[in-house]
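Mind having a look at this structure? Questions to follow.
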Amino acid sequence: MSDVTINTKVQEGEASFGDYFALLKPRVMSLVVFTALVGLLVAPVGVHPMVAFSSILFIAVGGGASGALNMWWDADIDRKMKRTKTRPIPSGKVEESEALGLGLTLSAFAVVMLGLAANWFAAGLLAFTIFFYVVVYSMWLKRLTPQNIVIGGAAGAFPPMIGWAVATGGVSVESVLMFMITFMWTPPHFWALALFTKSDYGDAGVPMLTVTHGRKSTRKHILVYTFILAAVCLAAGVTSIGGPFYMTVAVVMNVLFIRGAFQIWHRDDEAAEADNYMAERKFFKLSLLFLFVHFGALMGEAALAPFGLGGW
Amino acid sequence: MSFRKEHEIHKRRLGRNVGVGLVLGAFIVIVFGLTIAKVNNGGQVQGYDHSVEQTLVPAEASE
């Protein structure tokens, strides 16, 4: 082997800018940006547009950093699963140590910058979110309990609380309820997907509810969580961030969602296979719309307020 | 083969360098914008120590 061949081998694995960006899970980041923005805009305290823009950006960077740390920790299972095989680490484009370095650096950067741009309470909340997602979810509970989806959902639910904290410097009933909406929405959303996709979590050693408790129990779980979700969504409607517009949207969406959950609960796998999991697929599609519409309606209430139309 | 020959790896490196450059440039713009926003919102502060200039405080507030 000559020096030239050694060089070629090293160069083959060299990552592009896009590969490093992919470590930050851009799709998850878009949800973080949207919900954090809503949390910030519906808060009763105004924020300078530049401070608001920077804060949302740093929250997104913090979320991305936790994604990179998650990919570093989960590299072993990502290599085993079809869905995650093409991620930058398993595909050999980025070294594990690079992902760790990028994740830690961006985490510290995002927390410090959010503290300087907005306030240290919001920065602390962002630091806790990163810690929760990486240590509590990824390292500790993901491979230990079939309730991993519920716990992971909590990490994804923090951004609107951080957005609210950027504006107000604290926590309130409204921000906790916004957290609860995403928190309670995640399990039925993900379990519906788990029912109609053939996942290889089992091969990777990650316990999923469909495998550990069976598919019938998963259907029951979806229904129960959907009821709790409806209660949370309606509760948010009677607080200062709600109003007639949000309430109307929430009632319609939750009636449709509960109907879908009932259909899923009511049937077994035999019936589901007969129509290629039609009800489960429809429920999953509706769940995507569900979260977007709820947070959009909250933003709508805030937008109507200057015209004397928003709120109760 | 000449050393000057453009390899795919050079394009990738260029893309990475340009990307990092743009990110750093954007960071400078953000810090500048934040500084302007903070200073404008800060009200009557002195440049050298960020403490309120007593002569600028209205008479009733300083009593």
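The values are calculated or read from the model by the stated rules, or taken from the named source; none is laboratory data. This structure is a prediction, so every number in the text was calculated from the model and none was measured. Cβ sites come from the backbone with ideal geometry, for glycine too, and all protein chains shown count toward neighbours.
Going through segment A:56-70 one residue at a time, which ones are within 11 Å of chain B (Cβ to nearest Cβ) and surrounded by 24 or more Cβ atoms within 10 Å (Cβ to Cβ)? Walk me through it before giving the result.
Pass one, segment A:56-70, residues within 11 Å of chain B (Cβ to nearest Cβ): A:57-58, A:61.
Selection gives A:PHE58 alone.
Hey, could you check segment B:11-21 for residues that are aliphatic (A, V, I, L, M) and facing chain A (nearest Cβ under 9 Å) and say which is farthest from the chain's Cα centre (by Cα)?
Per the stated criteria, the residue is B:VAL18.
Additional query: Which condition does B:GLY42 not pass, out of (1) within 13 Å of chain A (Cβ to nearest Cβ); (2) surrounded by fewer than 11 Cβ atoms within 10 Å (Cβ to Cβ); (3) modelled with pLDDT of 70 or more, if it passes all the others?
(3)
Determine which single condition A:PHE53 fails, assuming it passes every other condition in (1) within 14 Å of chain B (Cβ to nearest Cβ); (2) surrounded by fewer than 20 Cβ atoms within 10 Å (Cβ to Cβ); (3) under 21 Å from A:ALA155 (Cβ atoms).
Looking at each condition in turn, A:PHE53 falls short on (3).
Of everything in segment A:27-50 that's assigned to a helix (DSSP H, G or I) and within 14 Å of another protein chain (Cβ to nearest Cβ), which residue is surrounded by the fewest Cβ atoms within 10 Å (Cβ to Cβ)?
A:PRO49
Which condition number in (1) polar (S, T, N, Q); (2) surrounded by 17 or more Cβ atoms within 10 Å (Cβ to Cβ); (3) in contact with a Pro (Cβ under 6 Å, 6 or more places away or on another chain) is the one that A:THR168 fails?
The single condition A:THR168 does not satisfy is (3).
Filter segment A:111-140 down to the residues that are of a type in the set (Gly, Ala, Ser) and in a helix (DSSP H, G or I), then identify the one that is nearest to A:ASP78 (Cα to Cα).
Applying the filter and picking the extreme gives A:SER138.
Does segment A:198-233 hold any residues that are part of a helix (DSSP H, G or I), out of contact with any helix residue (DSSP H, G or I) (no Cβ under 6 Å at 6 or more places or on another chain) and free of Cβ contacts under 8 Å to residues at least 24 places away in the same chain, and which are they?
A:SER217, A:VAL224, A:ALA231
Given the residues A:VAL249, A:VAL211, A:VAL224, which is the only one that is within 27 Å of A:LEU309 (Cβ to Cβ) and not charged (D, E, K, R)?
Unique residue meeting the criteria: A:VAL249.
Continuing with this model, one more query. When you look at A:VAL111, is it crowded, with 17+ Cβ neighbours inside 10 Å, touching a Pro at 6+ places or on another chain (Cβ under 6 Å) and β-branched (Val, Ile, Thr), yes or no?
Working: crowded, with 17+ Cβ neighbours inside 10 Å: yes; touching a Pro at 6+ places or on another chain (Cβ under 6 Å): no; β-branched (Val, Ile, Thr): yes.
In short, no.
Report, by residue number, each residue of segment A:60-107 that is under 20 Å from the mean Cα position of the chain (by Cα) and among the hydroxyl-bearing types (Ser, Thr, Tyr).
Within segment A:60-107, A:SER66, A:THR84, A:SER107 meet the criteria.
Of the conditions (1) among the basic types (Lys, Arg); (2) within 14 Å of another protein chain (Cβ to nearest Cβ); (3) in a helix (DSSP H, G or I), A:LYS93 clears all except one; give me its number.
(3)
Looking at segment A:146-174, which of its residues are of a type outside the set (A, V, I, L, M) and within 16 Å of the chain's Cα centre (by Cα)?
If the condition is that a residue be of a type outside the set (A, V, I, L, M) and within 16 Å of the chain's Cα centre (by Cα), then A:GLN147, A:ASN148, A:GLY152, A:GLY153, A:GLY156, A:PHE158, A:PRO159, A:PRO160, A:GLY163 are the ones that fit.
Please go through segment A:201-219 and give me each residue that is surrounded by fewer than 21 Cβ atoms within 10 Å (Cβ to Cβ) and touching a Phe, Trp or Tyr at 6+ places or on another chain (Cβ under 6 Å), ordered by number.
A:MET208
Could you look through segment A:58-90, keep only residues that are part of a helix (DSSP H, G or I) and acidic (Asp, Glu), and pick out the one that is nearest to A:THR197 (Cα to Cα)?
Among those that are part of a helix (DSSP H, G or I) and acidic (Asp, Glu), it is A:ASP78.
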